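The values are calculated or read from the model by the stated rules, or taken from the named source; none is laboratory data. What you see is a predicted model, and the numbers here were worked out from it, not measured in a lab. Here the Cβ positions follow ideal geometry from the backbone for every residue, glycine too, while neighbour counts run over all protein chains shown. SASA here: full protein model, heavy atoms, side chains in, ligands and nucleic acids out. Shrake-Rupley method; radii C 1.70, N 1.55, O 1.52, S 1.80 Å.
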Amino acid sequence: MSGTYLGMPAFPAAAHEAVRDRTLRGNLRHATHTIRAKRAKAVAEVSDWAALREAGRQIKDHTLRHLDRYLVQLEESVTAAGGVVHWAADADEANRIVAELVEATGESEVVKVKSMATQEIGLNEALEAEGIRAYETDLAELIVQLGKDRPSHILVPAIHRNRGEIRDIFRSEMAEWGRPAPEGLTDSPAELAEAARLHLREKFLRAKVGISGANFMVAQTGTLVVVESEGNGRMCLTLPETLISVVGIEKIVPTWRDLEVFLQTLPRSSTAERMNPYTSTWTGTTDEDGPKTFHLVLLDNGRTDTLADQVGRQALRCIRCSACLNVCPVYERAGGHAYGSVYPGPIGAILSPQLRGTQSEIDASLPYASSLCGACYEVCPVAIDIPEVLVHLRERVVQGGPVTRGGNKVVLRPAKGHAAERAAMRAARWAFGHPGALRTGQRLASRSRRFLPRTLPGPGRAWSASRDLPQVPAEPFRDWWQRTRGGKDGGDGK
């Protein structure tokens, strides 16, 4: 990836500040609880939801196992339909390709439909450095851009803002970017939406270049798919003369039949709708309609390295529905900014450290940004076992070991600050391997429990500062069992 947000601290420090912001916590609590309740109702309507979930998992896993073949098929299909395919190994290469394509048109501004891939690579900033201004057209993305802010949610990037804050942003910032906000603008949702519509309509009608992402790419036909709720995507995809789509290589599905599964699970998991209001598909170019030139930039940027990890690769199944964020107790309290990445929440905690590596302080902290409650796995429409990957990445941070970076196998050194944890795990392993020593330790702890501290010393203070230490029982379980059962089981457990 292009890197963490500049100046962001590690997750524990960022979260510590976020949980003290009462307005932020109120906004997040209201929004996530509302979305989660609607999603549960929408999913309950589908009698074969479990089967659809399993089908989605199998389609994604099959595609990832044969990704090389399907990417070649996709390139052939897009080219045959009149498009041009570009391959970008990393963020810098992708940004250079897009900037050169825009410069070749002679234009100095572009309109964008919401794309997390372009946020991941920092495309807006790269274009600005070349004198090209990018205008976000998704309502939430517009709010973030006008507010000089960062997205904090996969589906609702401005989830941390309330209506009053949005009104103030529109009043103070819209004029700098184009048509100003109407006089006397209130915080009424209808008025805010109308102000955004009038502001964006001028840009849609003027822009000659559009930039998009894609929710899915169909290898069979070279078709790209964007699902959205406002119609801004349809405007960006059809009105400009040149369309440039930047898409991660994992967004591919083999056939239209495979796409059918995700067009049922994605809207219910994300917006709690039976289907998206706007589902736009395009295949190359035509003389009669739409852009005259189409470019597809296929982005790797760490995805091939992630694919090499047999446990972590399941993160590439993600269809960006955000269901895991809406049920996560950590995200609800800390918000998306604390993750220091365009991908927040549980999926970000496993995806960002794999795409970027775990060398930075913030990426090394992300696998710990979870209570491992498992709620994220239960709602994931493609059955990503996020807790399993979190534990896997924690082991990588603490122990180091072999990984693939830049296509090469390297051996990571253990991250700093985990020496005590490694020592404790080694001691536990030794104790569990020596039953006599374990039994003696348990008895000693029980007999001295009155004198045990209520908080841990040294590095353990970071853990016990926000948790109550469990009380040591009056006698070990082994002794209790020997005393009450005589060491014998009656067979029925009674």
Being in contact with an Asp or Glu (Cβ under 9 Å, 6 or more places away or on another chain) and assigned to a helix (DSSP H, G or I), is that true of even one residue in the range 205-218?
-> yes
Among the candidates Ala424, Ala334, residue that is open to solvent by 10 Å² or more (accessible area, probe 1.4 Å) and small (Gly, Ala, Ser) = Ala424
Could you check the range 1-103 for helices (runs of 4 or more DSSP H) lying wholly inside it with 1 or more residues that are aromatic (Phe, Trp, Tyr)?
-> 11-18, 49-65, 67-80
Of those in the range 100-116 that are surrounded by fewer than 18 Cβ atoms within 10 Å (Cβ to Cβ) and either among the aliphatic types (A, V, I, L, M) or in contact with a helix residue (DSSP H, G or I) (Cβ under 9 Å, 6 or more places away or on another chain) (or both), the residue farthest from Leu224 (Cα to Cα) is Ser108
Out of Leu351, Leu444, report the one residue that is in contact with a Leu (Cβ under 9 Å, 6 or more places away or on another chain) and either part of a helix (DSSP H, G or I) or within 30 Å of Ile154 (Cβ to Cβ) (or both).
-> Leu351
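Table: residues versus (1) buried (at least 16 other Cβ atoms within 10 Å of the Cβ); (2) under 16 Å from the mean Cα position of the chain (by Cα); (3) among the aliphatic types (A, V, I, L, M); (4) not in a loop (DSSP other than H, G, I, E, B).
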{"position": "Glu378", "(1), (2), (3), (4)": "no, no, no, yes"}
{"position": "Ile384", "(1), (2), (3), (4)": "yes, yes, yes, no"}
{"position": "Pro387", "(1), (2), (3), (4)": "yes, yes, no, yes"}
{"position": "Leu390", "(1), (2), (3), (4)": "yes, yes, yes, yes"}
{"position": "Glu395", "(1), (2), (3), (4)": "no, no, no, yes"}
{"position": "Val398", "(1), (2), (3), (4)": "yes, no, yes, yes"}
{"position": "Val403", "(1), (2), (3), (4)": "yes, no, yes, yes"}
{"position": "Lys409", "(1), (2), (3), (4)": "no, no, no, yes"}
Quick one: would you say Ala437 is of a type outside the set (D, E, K, R), under 30 Å from Pro353 (Cα atoms) and not in a loop (DSSP other than H, G, I, E, B)?
-> no
Filtering the range 75-94 down to residues that are of a type in the set (A, V, I, L, M) and out of contact with any Gly (no Cβ under 6 Å at 6 or more places or on another chain), which residue is farthest from Val247 (Cα to Cα)?
-> Ala80
Pick from the range 427-468, criterion basic (Lys, Arg) and open to solvent by 100 Å² or more (accessible area, probe 1.4 Å), ranking: nearest to Gly400 (Cα to Cα) = Arg429
Find all pairs meeting these conditions: Cβ atoms under 6 angstrom apart; at least six residues apart or on different chains; first residue within the range 69-87 and open to solvent by 30 Å² or more (accessible area, probe 1.4 Å) and at pLDDT 95 or above; second residue of a type outside the set (Gly, Ala, Ser) and not in a strand (DSSP E or B).
-> Gly82/Thr285; His86/Ile97
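Among the candidates Arg443, Arg396, single out the residue that is touching a helix residue (DSSP H, G or I) at 6+ places or on another chain (Cβ under 9 Å), under 21 Å from Pro367 (Cα atoms) and modelled with pLDDT of 90 or more.
Arg396
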Can you pull out the residues in the range 155-192 that are open to solvent by 70 Å² or more (accessible area, probe 1.4 Å) and among the hydrophobic types (A, V, I, L, M, F, W, C)?
-> Ala190
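Residue check: is Arg171 over 21 Å from the mean Cα position of the chain (by Cα), assigned to a helix (DSSP H, G or I), modelled with pLDDT under 95 and not acidic (Asp, Glu)?
Spelling it out, it is not the case that Arg171 is over 21 Å from the mean Cα position of the chain (by Cα), assigned to a helix (DSSP H, G or I), modelled with pLDDT under 95 and not acidic (Asp, Glu).
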Those residues that are among the β-branched types (Val, Ile, Thr) and open to solvent by less than 80 Å² (accessible area, probe 1.4 Å), I need them from the range 411-421; list them, please.
-> none
